[in-house]
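The values are calculated or read from the model by the stated rules, or taken from the named source; none is laboratory data. None of the values given here were measured: they were computed from a predicted structure. Because the Cβ atoms are built from the backbone with ideal geometry, glycine has one as well, and the counts that use them run over all protein chains shown. The protein model used for the area step is the full one, side chains on, heavy atoms only, and it has no ligands, DNA or RNA in it. Shrake-Rupley method; radii C 1.70, N 1.55, O 1.52, S 1.80 Å.
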Amino acid sequence: MSTVADKETVNNQEAKNIHQLEYEDVPGHERTGSSFGAFANIVCVIAGSGTLQLPLALNQGGWFSVILIVFFSIAAIYAGNLLIKCLYYDGVSRLDDYPSIAEAAFGKFGKYFIRTFNYSILLGTSCVYILLAGLNIHTLVQKLDVNIDLKIWIIIAACVIWVPFVCLKSIKEIALMSAFGALATLVVVIVSVVVGFIDLNQRVTGAANHQFMNTSGLPLALASICFSFGGNVIYPHVESGMAHPKSWSKVLTMAMATICGMYVLISVCGYYVYGQTVQSPIYLSLPQEAPTYVAMIMITLHVILAAPLYLTGFAYEIEGLWKIDRRYHSASKEFILRAALRTSMIVVLALIAMFLPYVDDLMSLIGALAYSIIIFIAPIVLYLKLHGLRSMGKVEMAWCALIIITAAIACVLGTKDAIISLINRVKNG
């Protein structure tokens, strides 16, 4: 009996040590960042171009999609906390990043599985950004009676993004860049709400059509919402720099509450004003006036500045894998090889954007196929693998099951519907 009691005491002490380690400084990680800085980083990275799609998500799924936005906000908080706990699973050391957690849980397979989806996010989002920049420029110059085909503007946007992507070996995501993206998102939210309601008051036509739930469109709505919560791969890096890591849960909750507030505001206002005629990006539904143009210019600058960051994250690892480095080549040869690889990437993404110029469907496809797994499913699965099923009670297990099932529906049915929608739109020209 004493042996059993002793083992139980040891297990409890180990669990206590793990809990303490989660919030203590870790050797090799400089913890000097403030909690507000961590809050700002999360908001700046996550609250981005996905905002443009959310009013359409309500059109796809009806008013019920507002409940889904709130649900996924809470689920993102929960999954984000589990992800950070996985960093300290052994109670001895801290893992570095998301792929490291997957490797600890499932070996090399887990590491490459997460990296594959992360790569698809980096490339897919970059493709959407190239398309969005080209589409915005095309819309803006049409007001100046400049009629150039959309494909030409996509090529021009790709060339603008190509310059810093090829000329600079590495581009670090600095706070100013992220802050500009958050500022652009805030401008879009304010403009959409203010201009939208002014348009509603001045309109002489009847009220917009709405519905509470559209079951056939829910998978695409889920996919669009998932796209809007992308960015949890930065969580380990943000937490590693916090001077007070005990505040992580509160910081993440406040950040997600802020993001959820912006998302609910723009989606409800956009759908209420324009109903079943709402478009993606949302500013295509707004009156084409000065505030709308300002929002479009802000978003265009944001995606042009952000795309090289996404692309460099992918290219840097591929270059390391293919040994495109000064250790193996001269400076001139290294630059030529790097330029050839990165130019090829831009060309492929530009071609996809040119022949699939459908921002809403591309966002839905990326959100369904990659974000639903990376943000919601994988953190729960990894936590259960590393900590065991007994680490959760029945209620918490039921909550995890609800998140996984909902995200799986978005992944499977959302991907199917997004692909079908893309095929139909290509067929219809």
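Here are the numbers:
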quantity	calculated
Residue that is touching a residue at least 40 places away in the same chain (Cβ under 8 Å) and among the charged types (D, E, K, R), where the choices are GLU239, GLU319	GLU239
Selection status of LEU286, in contact (Cβ under 8 Å) with a residue 12 or more places away in the chain, in a loop (DSSP other than H, G, I, E, B), of a type in the set (A, V, I, L, M) and within 28 Å of THR139 (Cβ to Cβ)	yes
Per-region count, the stretch 314-338, residues closer than 26 Å to LYS111 by Cβ, part of a helix (DSSP H, G or I) and not aromatic (Phe, Trp, Tyr)	8
Yes/no for VAL251 being part of a helix (DSSP H, G or I), over 30 Å from VAL278 (Cα atoms) and at pLDDT below 90	no
Matching entry among ILE234, ILE174, ILE161 (being of a type in the set (A, V, I, L, M, F, W, C) and either open to solvent by less than 10 Å² (accessible area, probe 1.4 Å) or at pLDDT 85 or above (or both))	ILE161
Positions within the stretch 188-207 being hydrophobic (A, V, I, L, M, F, W, C), modelled with pLDDT of 80 or more and out of contact with any Pro (no Cβ under 9 Å at 6 or more places or on another chain), in sequence order	VAL189, VAL193, PHE197, LEU200
Options LEU341, LEU402, LEU311: the member that is of a type outside the set (Lys, Arg) and either closer than 25 Å to LYS108 by Cβ or assigned to a loop (DSSP other than H, G, I, E, B) (or both)	LEU341
Hits in the stretch 77-117 - residues which are in a loop (DSSP other than H, G, I, E, B) and either of a type outside the set (D, E, K, R) or over 30 Å from ILE259 (Cα atoms) (or both)	LEU87, TYR88, TYR89, ASP90, GLY91, VAL92, SER93, LEU95
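The rows are residues; the columns are (1) surrounded by 23 or more Cβ atoms within 10 Å (Cβ to Cβ); (2) among the hydroxyl-bearing types (Ser, Thr, Tyr); (3) in contact with a strand residue (DSSP E or B) (Cβ under 9 Å, 6 or more places away or on another chain); (4) more than 23 Å from LEU83 (Cβ to Cβ).
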position: MET254; (1), (2), (3), (4): no, no, no, no
position: ILE259; (1), (2), (3), (4): yes, no, no, no
position: VAL264; (1), (2), (3), (4): no, no, no, yes
position: CYS269; (1), (2), (3), (4): no, no, no, yes
position: VAL273; (1), (2), (3), (4): yes, no, no, yes
position: GLN288; (1), (2), (3), (4): no, no, no, yes
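Here is a yes/no grid of residues against (1) over 21 Å from ALA221 (Cβ atoms); (2) of a type in the set (A, V, I, L, M, F, W, C); (3) touching a Lys or Arg at 6+ places or on another chain (Cβ under 8 Å); (4) crowded, with 22+ Cβ neighbours inside 10 Å:
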residue: ARG390; (1), (2), (3), (4): yes, no, no, no
residue: TRP399; (1), (2), (3), (4): yes, yes, no, no
residue: ILE405; (1), (2), (3), (4): no, yes, no, no
residue: ASP417; (1), (2), (3), (4): no, no, no, yes
